[in-house]
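Chemist: Take a look at the following structure, please.
The values are calculated or read from the model by the stated rules, or taken from the named source; none is laboratory data. Remember, predicted model here, so these are calculated numbers, not experimental data. Neighbour counts are summed over all protein chains in view; Cβ atoms, including those assigned to glycine, are modelled from backbone coordinates with ideal geometry.
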Amino acid sequence: MIPEIGQFALILALGLALIQATIPLLGALWSREDLTAIARPAATGQFVFVMAAFIVLCHAFLNDDFSVLYVATNSNSALPTPYKIAAVWGAHEGSLLLWILILSAWTLAVTVGSRGLPHEFAARVLGVLGIVSVGMLLFTLLTSNPFERFFPAALEGNDLNPLLQDPGLVMHPPILYAGYVGLAVPFAFAVAALLTGKLSQDWARWTRPWTTASWMFLTVGIALGSWWAYYELGWGGWWFWDPVENASFMPWLAGTALIHSLAVTERRGIFKSWTLLLAIAAFSLSLLGTFLVRSGILVSVHAFASDPERGLFILLLLGAITGGSLTLYAFRARYLTVEGGFRLVSRESFLLMNNILLVVATAAVLFGTLYPLFLDALGMGKISVGPPYFNAVFLIPMLPLAVLVGMGMHTTWLRMSGEPLRKRLLFPAGIALMIGIIFPFILFGQASALTLVGVVTALWVIASSLLEPAKRLFQKNRSPMPLTRGQWGMYLAHMGVGVFILGATVTSSYTIETDSRAVPGDRWQVGEYELYFRDIRRIEGVNYEATEGEFEVWEGDQLVTILRPQKRVYRVQTSPMTEAAIDVGWGRDLFIALGDPLGDGAWSLRVQIKPLIRFIWLGALIMAFGGLLAIMDPRYRVKRTQEKDAISKQSLETA
Amino acid sequence: MMWRYLIPISVFLVLSAFFVKGLSLNPRYVPSPLLGKPAPEFELPRLKDPNLSLGSVDLEGQVTLLNVWATWCVGCRQEHGFLVELSQENNVPIYGLNWKDDRNTALDWLSTLGDPYIGSAFDELGEVAIDWGVYGAPETFLLASDGTVLYKHIAPLTRDIWTSEFLPRIISECGSIPCPIANN
């Protein structure tokens with residue numbers, strides 16, 4: 001009976017979403033306040049019912065209700081409780097419900113956060129979010145009902161995919177979805193502006209915190225995914241350019257471009273139609289990702305069970321949402337175009353270049369991801385596009401972008417003469433060149449040209465990001481103005497970019513990777529460490545059996561650590577899983593993964609020493625934290641009347 | 001209307017056309033590189049009698065089917081009934097490649113479910129299967145009398161697939177059903 005309540009709650013939510021998607025928009029069109037007023041209660045009610053449905057599904061998992069098909073397919077009574085919760089979003093149907101829950105949560109947040117906005121505008125935003133919600137709820141109820149019954153009930157469940165039985169994967173989907181779905185909010189703001197036919201600088205100020213917030217979640221979500229792939233897939237890589245990864249990365253790139261173009265629109269009132277287009281593109285790319293991952297249209301290592309019928313449905317949804325908004329854009333955007341000049345050396349022109357480069361990178365990733373589909377559809381053969389393509393086409397726009405970041409932060413709006421900029425940047429540039437060229441040789445003995453370029457660029461970004469904060473911290477009496485939270489956020493986020501580049505460059509250049517064969521009792525040298533294969537034995541987990549190797553790691557006569565990598569076989573799904581053992585450190589990770597038995601007690605082993613790999617995820621976290629600071633800037637909460645004052649002050653503000 | 005505002009929607013429409021087309025394609029289907037080429041030479045012990053061998057020479061001179069099967073493979077059990085049916089029609093000789101299997105289990109399987117094969121080669125270590133590019137049983141190869149691979153089907157063979165994919169190829173290869181057997 002309880003699962004039916006969940007389904008009924010979803011149907012009620014759909015009813016409320018239909019109301020939210022129509023009446024407020026009509027109310028805004030006819031200027032009828034009695035109609036627009038329905039938006040908030042409808043959105044709130046929708047959240048309540050979606051939440052109820054979600055709780056019902058959690059309840060079914062926690063109580064091992066194997067009469068529900070989705071639970072029987074993705075859980076098992078022996079599954080540890082945290083993973084039963086994670087199993088709720090462990091496959092297609094439940095993750096879609098999570099998607100909808102998060103959308104309704106963002107919508108709820110908008111109902112609260114939009115109180116200071118003009119009534120009609122807020123109604124339009126909520127109306128657009130309602131349309132998205134209607135689409136997703138229909139999708140769930142018509143093609144992917146998580147509450148579908150299964151008669152007779154199964155005695156035992158089929159268990160959660162062992163790859164997903166991992167702490168990183170418990171948090172990864174909700175955070176990533178919060179980012180994906182959060183982009184619906186700037187999208188709704190953009191469509192509302194197109195419907196209104198007006199776009200004030202206020203609009204950009206309202207949109208910015210929502211964009212930054214979802215970008216923040218997306219950043220952390222992607223980082224978590226990469227971290228999980230690193231330690232769970234057993235290969236020791238952190239990014240594979242798999243279609244699923246690209247699906248999350250493209251909205252991030254577009255979202256990053258949007259954050260920067262919103263800054264220009266807010267401060268200078270230009271780039272308006274471009275900003276709108278980016279807002280539409282960012283959310284469309286996250287819908288596109290959903291389509292690519294769930295339709296089976298591309299081959300991916302971690303795709304959902306795919307189904308052409310579902311694919312068709314999301315495609316229709318994509319057509320309605322993206323096609324609809326782009327059509328609206330085609331008719332309305334020209335009314336929003338404003339001519340505004342700026343000089344070559346100015347904040348605007350740097351942000352323009354930022355946007356161009358980010359869009360080029362997005363397009364390159366999109367093209368590479370879809371290229372196999374293009375060829376196949378044209379009957380020109382079957383191919384797959386791998387990391388060499390992506391690394392190359394991604395690096396080409398990103399390298400100049402990283403160089404420009406350091407300069408752009410220190411420019412002012414409208415115009416700036418090159419001289420003070422050059423003077424200010426001489427110091428960070430000098431530091432970056434000196435340390436960046438010398439240290440790789442001191443620490444690692446050798447360096448390729450590309451490595452040096454990467455390290456110097458990374459240090460350049462870090463040093464130029466720290467320039468202003470350092471002045472404030474160390475020369476209190478001489479600094480003219482305290483930094484706003486927005487500025488702190490900007491500098492920090494950019495520093496995160498630098499930290500990330502440093503980690504990525506050093507890890508890719510100096511990883512020591514060996515595949516070897518060993519029997520217990522063997523000793524051998526990897527890099528500066530000596531490994532001793534002490535023992536191998538069988539152990540019993542809660543719902544798996546494992547073979548666990550025990551390795552001592554010595555540096556000289558000092559025992560560094562004992563590592564215990566496992567090879568697990570989960571009892572229900574019997575697929576072998578590699579659990580790498582990692583000795584984590586700021587300077588380097590030492591990674592051991594157990595391969596296959598080679599007979600005569602010998603095992604194949606993969607041992608890797610990965611310097612600075614932690615910086616990759618640390619960089620992402622710093623970026624996200626910068627975003628958090630930027631959102632907390634008080635200016636987003638103050639209703640301002642004087643819009644132009646920031647310009648007249650010629651301040652340095654950005655983020 | 002300014003044309004540049006139509007660019008985004010146009011790009012989107014072109015992409016959508018590809019997506020619509022893509023939904024009916026199977027990205028996981030990779031045609032065998034062996035198509036139209038001579039099948040790899042092999043010689044293995046026979047399943048029923050390890051002292052006798054079965055190899056490329058036995059298949060030559062006639063259009064044949066080579067079916068890769070194993071007792072651990074669920075799809076093989078699904079298609080087995082149809083293979084037995086097909087063998088009774090006497091149109092095309094069917095040979096088996098018993099892949100990474102246990103000899104006794106495989107013999108039991110044939111005696112209980114029926115044996116559609118003229119003979120089965122016993123590829124215990126899967127070495128021949130690697131040469132043939134087998135990555136999942138069941139797979140069925142259609143071979144011309146000179147040993148050229150005419151067609152390869154992955155997944156259980158059914159009457160529908162037989163009629164739509166195999167029969168036309170056999171007819172165009174030898175002009176009639178059953179194929180006239182070459183004298184050599």
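Chemist: Going through A:130, A:168, A:135 one at a time, which residue ends up being of a type outside the set (Val, Ile, Thr), touching a helix residue (DSSP H, G or I) at 6+ places or on another chain (Cβ under 9 Å), in a helix (DSSP H, G or I) and more than 30 Å from residue A:29 (Cβ to Cβ)?
Modeler: Numbers: A:130 fails: more than 30 Å from residue A:29 (Cβ to Cβ); A:135 fails: more than 30 Å from residue A:29 (Cβ to Cβ).
Of the residues listed, the single one that is of a type outside the set (Val, Ile, Thr), touching a helix residue (DSSP H, G or I) at 6+ places or on another chain (Cβ under 9 Å), in a helix (DSSP H, G or I) and more than 30 Å from residue A:29 (Cβ to Cβ) is A:168.
Chemist: Let me ask another. Return yes or no: is residue A:107 of a type in the set (Val, Ile, Thr), in contact (Cβ under 8 Å) with a residue 60 or more places away in the chain, farther than 27 Å from residue A:291 by Cβ and not assigned by TED's automatic domain parsing to the domain that holds residue A:540?
Modeler: no
Chemist: Kindly indicate the residue of region A:349-369 that is within 18 Å of residue A:292 (Cα to Cα) and touching a helix residue (DSSP H, G or I) at 6+ places or on another chain (Cβ under 7 Å) and also nearest to the other protein chains (Cβ to nearest Cβ) among those meeting that condition.
Modeler: Residue satisfying both the conditions and the ranking: A:366.
Chemist: Look at region A:514-552 and say how many of its residues are over 38 Å from the mean Cα position of the chain (by Cα), among the β-branched types (Val, Ile, Thr) and under 15 Å from residue A:581 (Cα atoms).
Modeler: 1
Chemist: While we're on this one: Restricting the search to region A:353-392, which residues are over 22 Å from the mean Cα position of the chain (by Cα), in a helix (DSSP H, G or I) and in contact (Cβ under 8 Å) with a residue 60 or more places away in the chain?
Modeler: A:372, A:373
Chemist: Test residue A:261 against the stated conditions and say whether it is under 30 Å from residue A:590 (Cβ atoms), away from chain B (no Cβ under 14 Å) and part of a helix (DSSP H, G or I). Don't jump to the end; show me each part of the working.
Modeler: Values: under 30 Å from residue A:590 (Cβ atoms): no; away from chain B (no Cβ under 14 Å): yes; part of a helix (DSSP H, G or I): yes.
No, not satisfied.
Chemist: Right, next: Identify, please: which residue in region B:64-76 is touching a strand residue (DSSP E or B) at 6+ places or on another chain (Cβ under 7 Å) and not in a strand (DSSP E or B) and is, among those, surrounded by the most Cβ atoms within 10 Å (Cβ to Cβ)?
Modeler: Among those that are touching a strand residue (DSSP E or B) at 6+ places or on another chain (Cβ under 7 Å) and not in a strand (DSSP E or B), it is B:76.
Chemist: Looking at region A:1-102, what helices (runs of 4 or more DSSP H) fall wholly within it and have at least 3 residues that are closer than 25 Å to residue A:168 by Cα and in the same structural domain as residue A:123 (by TED's automatic domain parsing)?
Modeler: Filter on region A:1-102 gives A:39-62, A:69-74, A:81-88.
Chemist: Name the one entry in A:90, A:15 that is closer than 27 Å to residue A:291 by Cβ, of a type outside the set (Phe, Trp, Tyr) and without any contact (Cβ under 8 Å) to a residue 24 or more places away in the chain.
Modeler: Only one candidate passes the filter, namely A:15.
Chemist: Filtering region A:578-592 down to residues that are modelled with pLDDT under 90 and in a strand (DSSP E or B), which residue is surrounded by the fewest Cβ atoms within 10 Å (Cβ to Cβ)?
Modeler: Looking at the filtered set, the residue picked out is A:578.
Chemist: Now for a different question. For residues that are at the interface with chain B (Cβ under 7 Å from one of its Cβ atoms) and free of Cβ contacts under 8 Å to residues at least 24 places away in the same chain, scanning just region A:320-337, find the one that is farthest from residue A:274 (Cα to Cα).
Modeler: A:323
Chemist: From A:384, A:346, grab the single residue that is modelled with pLDDT under 90 and under 30 Å from residue B:32 (Cα atoms). Full working, then the answer.
Modeler: Values: A:346 fails: under 30 Å from residue B:32 (Cα atoms).
Answer to the check: A:384.
Chemist: Still on this model: If I go through region A:277-319 residue by residue, how many of them are more than 10 Å from chain B (Cβ to nearest Cβ) and at pLDDT 95 or above?
Modeler: Number satisfying all stated conditions: 5.
Chemist: Which numbered condition in (1) buried (at least 16 other Cβ atoms within 10 Å of the Cβ); (2) out of contact with any Asp or Glu (no Cβ under 9 Å at 6 or more places or on another chain) is the only one that residue A:356 fails?
Modeler: (1)
Chemist: Given (1) surrounded by 15 or more Cβ atoms within 10 Å (Cβ to Cβ); (2) of a type in the set (Phe, Trp, Tyr); (3) out of contact with any Gly (no Cβ under 8 Å at 6 or more places or on another chain), where does residue B:135 come up short, assuming only one miss?
Modeler: (1)
Chemist: Do we have any residue at all in region B:27-50 that's surrounded by 14 or more Cβ atoms within 10 Å (Cβ to Cβ), within 10 Å of chain A (Cβ to nearest Cβ) and either more than 25 Å from the chain's Cα centre (by Cα) or modelled with pLDDT under 85 (or both)? Break it down into steps so the answer makes sense when it comes.
Modeler: Taking region B:27-50 first, the residues surrounded by 14 or more Cβ atoms within 10 Å (Cβ to Cβ) are B:27, B:32, B:34, B:39-40, B:42, B:44-48.
Keeping just the survivors that are within 10 Å of chain A (Cβ to nearest Cβ) gives B:27.
Next, from what is left, pick out any that are either more than 25 Å from the chain's Cα centre (by Cα) or modelled with pLDDT under 85 (or both): B:27.
Checked region B:27-50: at least one residue is surrounded by 14 or more Cβ atoms within 10 Å (Cβ to Cβ), within 10 Å of chain A (Cβ to nearest Cβ) and either more than 25 Å from the chain's Cα centre (by Cα) or modelled with pLDDT under 85 (or both).
Chemist: Something else now. Which condition number in (1) on the phi > 0 side of the Ramachandran plot; (2) part of a strand (DSSP E or B) is the one that residue B:133 fails?
Modeler: (2)
Per-residue answers, yes or no, for (1) within 27 Å of residue A:499 (Cβ to Cβ); (2) modelled with pLDDT under 90; (3) in contact with a Leu (Cβ under 6 Å, 6 or more places away or on another chain):
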site: A:609; (1), (2), (3): yes, no, yes
site: A:614; (1), (2), (3): yes, no, no
site: A:617; (1), (2), (3): yes, no, no
site: A:624; (1), (2), (3): yes, no, no
site: A:628; (1), (2), (3): yes, no, no
site: A:631; (1), (2), (3): yes, no, no
site: A:642; (1), (2), (3): no, yes, no
site: A:653; (1), (2), (3): yes, yes, no
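Chemist: Go over the candidates A:452, A:559, A:467, A:502 one by one and state the one that is aliphatic (A, V, I, L, M), touching a Lys or Arg at 6+ places or on another chain (Cβ under 8 Å) and either modelled with pLDDT of 95 or more or surrounded by fewer than 20 Cβ atoms within 10 Å (Cβ to Cβ) (or both). Working first, answer last.
Modeler: Values: A:452 fails: touching a Lys or Arg at 6+ places or on another chain (Cβ under 8 Å); A:559 fails: touching a Lys or Arg at 6+ places or on another chain (Cβ under 8 Å); A:502 fails: touching a Lys or Arg at 6+ places or on another chain (Cβ under 8 Å).
The match here is A:467.
Chemist: Can you find a residue in region A:249-257 that is within 13 Å of another protein chain (Cβ to nearest Cβ), more than 27 Å from residue A:510 (Cβ to Cβ) and part of a helix (DSSP H, G or I)?
Modeler: Yes: one or more hits.
Chemist: Collect the residues in region A:415-452 that are in contact with a Gly (Cβ under 9 Å, 6 or more places away or on another chain) and either among the small types (Gly, Ala, Ser) or within 19 Å of residue A:398 (Cα to Cα) (or both), keeping them in residue-number order.
Modeler: A:429, A:432, A:436, A:452
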